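Colleague: Once you've had a glance at the structure underneath, I'll fire off some questions.
The numbers here are math on the coordinates, done by the rules we state, and not lab data. Note that the structure is a prediction, hence the values are computed from the model and not measured. Cβ: placed from backbone, ideal geometry, glycine included. Neighbour counts: every protein chain shown.
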Amino acid sequence: MNDTLELGAWYSPEATRFTVWAPLRTSMHLRLHQPQARQIAMEFAPEDGCWRVEVPGLPPQARYSYVLDQTLERPDPASFAQSGRDLRFHSIQ
């Protein structure tokens, strides 16, 4: 399958792949809220406008969000689940 169609978080026991389409942003970070809080820089692919990162060893149901341009935190618009009903809540991988 074409990677540009696989937006959101895609889990495997080895690593979880995160992809978000945001061609106009200057930076993108994945913010993990659990199991261990941390922030990871994502790589931009100008050919399709997507930001990507692979994180090894994440357990299922890890909570995360994206940080756009180092200031704006948002849930994943392509996530399969959210921890709440609005933009204050985290996505669930």
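Colleague: So who's got an amide H within less than 5 Å of the one on Leu58, skipping anything under 5 residues away but keeping other chains? H placed 1.01 Å off N, in plane.
Modeller: Here Thr16 satisfy the definition.
Colleague: Taking the highest mean first, how do the peptides 6-14, 74-82 order by number of other beta carbon atoms within 10 angstrom per residue?
Modeller: Top to bottom by mean Cβ count within 10 Å: 74-82, 6-14.
Colleague: Label-point separation (nm) for Glu73 and Ala15, each offset 7 Å from Cα along Cα-to-Cβ?
Modeller: 2.6
Colleague: How much length, in nm to one decimal, is gained on full extension between Arg31 and Glu47, taken as 0.36 nm per residue of separation minus their Cα-Cα distance?
Modeller: 3.3 nm
Colleague: Tell me, rounded to the nearest percent, the portion of alpha carbon pairs in the stretch 1-75 spaced more than 14 Å apart.
Modeller: Everything past 14 Å amounts to 57 percent.
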